[in-house]
Amino acid sequence: MFNKTCPEEYPINLYINSRNLLTIQLTEVHLEDWAIGYMYAEGIIESPEEVKSITIDPYRGNIHVDLGNSIDMDVFLKKKKTITAGCGKGATFRSIKEMSNFKKVQEARSISTAFLRQKMRDMYKLTPLYHQTGGMHAACIIDEQGEMIVREDIGRHNAVDKVIGAALKKGLTGKECVIMTTGRISMEMCSKVARFGIGVAASRTAATNLAVALAKELNVDLVGYVRGQSAYVYTEGKRILKLVNE
């Protein structure tokens, strides 16, 4: 008998310094993590310390962020907004040229595909919303000690923003982390990974052609179809360790 509940999504308005930046479909969990991760990905902040306050009003569907005088929102809102691909429909104010000019990832961890496959299995054990609904995406960041931060959302890109926001709040740096996602890695998701300085990103499904091109340009290794005994490395794979039994 089918007894799953419906995945939840709500229109959430993000206000920065009282200016409405965008309205986005989100699952109402870890909204502060999402706001920090999204603002970091878009270059609005460089660290959570720049945020003076975040007020969340889920009943009205509003997130209010006070950044003081650190950004001129009138100038920022003149940038072109692009609707991203996939469920939940995100948005970025980054152009392809701007993403390509990100600093290349230099220092980063090396890991094996066996490690990725095991951590993908472990991640699924930490996704209560997926088990309740069967219709949620998840993303996780794994630090050097193997500790995992997992976040869920209706949108795969939202889940990535949430987990990067959580990692920033915890004081982690990209060079010590690996990121995994249940969803397809698209160009703007790859840009979020590179922006944080993570050298390896893995997905249970595929990476798009533009994501792979951007990853090669920014020195990020992408691994797709991490499930069962499989894993496909799209890039040069300099950080993917080759084990004898693999």
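Read-outs: derived from the displayed coordinates by stated rules, not from any lab. This is a predicted model, so every value here is computed, not measured. Virtual Cβ from ideal backbone geometry, glycine too; neighbours counted across all protein chains shown.
Ordering 159-165, 189-195, 144-150 by mean Cβ neighbour count within 10 Å, with the highest value first, yields 159-165, 189-195, 144-150.
About the centre of its Cα atoms, the chain shows a dipole size close to 780 debye [charges on the beta carbon of Lys, Arg (+1) and Asp, Glu (-1) only; nearest 20 debye].
Along the charge dipole of the chain, which of 48, 38, 171 sits closest to the positive end, that is, farthest toward it, with unit charges on the beta carbon of Lys, Arg, Asp and Glu (+1, +1, -1, -1)? Among 48, 38, 171, the one farthest towards the positive end of the dipole of the chain is 38. For residue 175 and residue 110, the difference between the fully extended length at 0.36 nm per residue and the C-alpha to C-alpha distance is 22.4 nm. For the pair the range 163-198 and the range 219-239, the centres of their Cα atoms are 16 angstrom apart. Which one of 67, 14, 105 has its Cα pushed farthest toward the positive end of the charge dipole of the chain, where Lys and Arg give +1 and Asp and Glu give -1 at the Cβ? Of the listed residues, the answer is 105.
For the range 81-227, the relative contact order comes to 25 percent (Cα pairs under 8 Å, sequence separation of at least 6). Where does the Debye-calculated log10 I(q)/I(0) of the range 141-246 sit at q = 0.18, 0.20, 0.21, 0.23 Å⁻¹, using only Cα point scatterers of equal weight, no solvent? Once normalised to I(0) and log-transformed, intensities are -0.83, -1.03, -1.14, -1.35.
For the chain, what relative contact order do you get, as a whole percent, if you take Cα pairs closer than 8 Å and at least 6 residues apart? The value is 20 percent. When the chain is described by a simple charge dipole with +1 on each Lys and Arg Cβ and -1 on each Asp and Glu Cβ, the residue from 198, 91, 186 located farthest towards its positive end is 186.
Students often get this wrong, so check it: of 52/175; 78/238; 81/104; 119/216; 79/216, which have C-alpha atoms separated by over 29 Å?
78/238
Can you tell me what share of the DSSP beta bridges in the chain is antiparallel? A percent to the nearest 5 is fine. That works out to approximately 70 percent antiparallel.
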